[in-house]
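Every read-out reported here was derived from the displayed coordinates using simple, explicitly stated rules and does not represent laboratory data. On a predicted model such as this, the values are computed, not experimentally measured, just so you know. Backbone-built Cβ (ideal geometry, glycine too); neighbour counts: all protein chains shown.
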Amino acid sequence: MHKVLITAAIVLSWISLNIHAQTVAQQPAASPKINLTLEQRYIIKEIVKDMKVNPIPAKDLAVGDQIPDNIRLQPMSSDIAQKAPQIKAHRFFVAGKQIVIVDPKDNKIAEIIKLD
């Protein structure tokens, strides 16, 4: 009986360690910090296209990434601020074929909008 209890305890502890290892390894991808509707995303894309902002070379960027100090950020236009008030204080830049919206509080990427 004693051997059965010890064996059961070892098996249970091994299972719990295995489950813990699996859950720690699975980290969710960063989700956007701001909630833009499809209509707002479309409007932002069209307004930025009309602004003729010079893009920087394409980079591998993701929501939550810190922006280097050497990237020149553009303020949101009044048209964008009117149509998407939740980002009126944010700044942006264009990298390759994407609009990168940056949170001014921490200088991190809050949203990425593809231009294609």
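Mind ordering 51-57, 108-114 by average Cβ neighbours within 10 Å, highest first? Spell out each step's value before the answer.
Numbers: 51-57: 10.9, 108-114: 18.0.
Per-residue Cβ counts within 10 Å, averaged per peptide and sorted highest first, yield 108-114, 51-57.
Reachable lysines from LYS97, Cα under 23 Å, same-chain residues fewer than 8 places away excluded?
Hits, sequence-local ones excluded: LYS33, LYS45, LYS49, LYS52, LYS59, LYS83, LYS88, LYS108, LYS114.
If each residue's Cβ is checked for other Cβ atoms within 10 Å, how do ARG72, ARG91, ARG41 rank with the fewest at the top? Write down the numbers at each step before the final one.
On the way: ARG72 9, ARG91 19, ARG41 15.
Ordered by Cβ neighbours within 10 Å, fewest first: ARG72, ARG41, ARG91.
Under 17 Å from the Cα of LYS105, which aspartates and glutamates turn up, not counting those fewer than eight places away in the same chain?
Cα-Cα hits under 17 Å: ASP65, ASP69.
Using Cβ counts within 10 Å as a stand-in for footprinting exposure, how do ASP60, ASP106 rank, fewest first? Provide the component values of the computation, followed by the final result.
On the way: ASP60 7, ASP106 12.
The fewest-first ordering by Cβ neighbours comes to ASP60, ASP106.
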